[in-house]
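Here's the structure we're looking at; comments come further down.
The values are calculated or read from the model by the stated rules, or taken from the named source; none is laboratory data. Keep in mind the model is a prediction, meaning the values are calculated, not measured. Every residue, glycine among them, receives a Cβ derived from its backbone with ideal geometry; neighbour counts consider all protein chains shown.
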Amino acid sequence: MGKCCDKTGKERSVFSNREEALKTADYEKREHGVEFYPYKCDKCGYWHLAPAGRKVSFRENACGCKDSSGVRGKRLYDSKEDAERAAMTVREGGRGTMHVYPCPEGSGWHLTHKF
Ligand SMILES: [Zn+2]
Ligand SMILES: [Zn+2]
């Protein structure tokens with residue numbers, strides 16, 4: 001399994017799949033009381049854990065995309081990590097599985113129910 005470094009050059013823990021990452025996240029929560037959430041990395045194609053404390057950043061009406069009703073603008077997430085985190089919050093809230101996809105305008109990430 002390859003190495004993957006974050007923006008600060010620190011090596012990330014790499015997991016081959018979501019289950020493995022979740023297991024470690026559970027462990028960290030139990031043992032250290034720190035929450036992490038798994039996300040799939042664009043760079044290496046494997047899974048990493050990101051601290052759950054960080055605020056998800058998104059913008060409203062930042063692109064031309066509309067939600068399924070065709071009325072409201074879609075939330076545009078600044079990074080795939082943010083979008084994955086938001087998707088996980090939805091899933092944990094029992095509101096279904098959301099998929100992350102890049103904005104066709106190329107400026108960020110969206111969530112969708114259909115795929
Ligand atoms: Zn990576
Ligand atoms: Zn968009």
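Exactly one condition in (1) among the small types (Gly, Ala, Ser); (2) modelled with pLDDT of 90 or more; (3) more than 18 Å from Cys103 (Cα to Cα) is false for Ala83; which is it?
Of (1) among the small types (Gly, Ala, Ser); (2) modelled with pLDDT of 90 or more; (3) more than 18 Å from Cys103 (Cα to Cα), only one is false for Ala83: (3).
So which of Glu84, Glu35 ends up being under 15 Å from the mean Cα position of the chain (by Cα), surrounded by 18 or more Cβ atoms within 10 Å (Cβ to Cβ) and either free of Cβ contacts under 8 Å to residues at least 60 places away in the same chain or not assigned by TED's automatic domain parsing to the domain that holds Thr112 (or both)? Write out each step before concluding.
Numbers: Glu35 fails: surrounded by 18 or more Cβ atoms within 10 Å (Cβ to Cβ).
One residue alone meets the criteria, Glu84.
Do we have Ala50 as of a type outside the set (Phe, Trp, Tyr), in a strand (DSSP E or B) and either more than 14 Å from ligand 2 (Cβ to nearest atom) or more than 10 Å from the chain's Cα centre (by Cα) (or both) here?
Numbers: of a type outside the set (Phe, Trp, Tyr): yes; in a strand (DSSP E or B): yes; either more than 14 Å from ligand 2 (Cβ to nearest atom) or more than 10 Å from the chain's Cα centre (by Cα) (or both): yes.
Yes; evaluated as a whole, the condition is true for this residue.
(1) touching a residue at least 24 places away in the same chain (Cβ under 8 Å); (2) within 16 Å of ligand 1 (Cβ to nearest atom); (3) of a type outside the set (Ser, Thr, Tyr): which one isn't true of Gly45, the others all being true?
With (1) touching a residue at least 24 places away in the same chain (Cβ under 8 Å); (2) within 16 Å of ligand 1 (Cβ to nearest atom); (3) of a type outside the set (Ser, Thr, Tyr) applied to Gly45, the lone miss is (1).
How many residues does the range 71-84 hold that are of a type outside the set (A, V, I, L, M) and closer than 15 Å to Asp42 by Cβ? Spell out the reasoning first.
Keep residues of the range 71-84 that are of a type outside the set (A, V, I, L, M), which gives 72-75, 77-82, 84.
Filter again for closer than 15 Å to Asp42 by Cβ, leaving 77-82, 84.
Count: 7.
Any chance the range 77-86 includes a residue that's farther than 25 Å from Arg12 by Cα and among the hydrophobic types (A, V, I, L, M, F, W, C)?
For the range 77-86, residues farther than 25 Å from Arg12 by Cα and among the hydrophobic types (A, V, I, L, M, F, W, C): absent.
Restricting the search to the range 64-115, which residues are of a type in the set (A, V, I, L, M), touching a helix residue (DSSP H, G or I) at 6+ places or on another chain (Cβ under 8 Å) and outside any loop (DSSP other than H, G, I, E, B)? Quick ask: steps written out before the conclusion?
First, pick out the residues of the range 64-115 that are of a type in the set (A, V, I, L, M): 71, 76, 83, 86-88, 90, 98, 100, 111.
This time we only want the ones that are touching a helix residue (DSSP H, G or I) at 6+ places or on another chain (Cβ under 8 Å), so: 98, 100, 111.
Val100, Leu111, listed by residue number.
Taking interchain pairs and intrachain pairs at least six residues apart, which have beta carbon atoms under 8 angstrom, with the first residue in the range 8-23 and within 11 Å of His48 (Cβ to Cβ) and assigned by TED's automatic domain parsing to the domain that holds Tyr46 and the second assigned to a loop (DSSP other than H, G, I, E, B) and acidic (Asp, Glu)?
What qualifies is Arg12/Asp6.
Conditions tested, residue by residue: (1) of a type outside the set (Val, Ile, Thr); (2) closer than 18 Å to Ala83 by Cβ; (3) part of a loop (DSSP other than H, G, I, E, B).
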{"residue": "Lys7", "(1), (2), (3)": "yes, yes, yes"}
{"residue": "Glu20", "(1), (2), (3)": "yes, no, no"}
{"residue": "Thr24", "(1), (2), (3)": "no, no, no"}
{"residue": "Glu28", "(1), (2), (3)": "yes, no, no"}
{"residue": "Tyr37", "(1), (2), (3)": "yes, yes, no"}
{"residue": "Asp42", "(1), (2), (3)": "yes, yes, yes"}
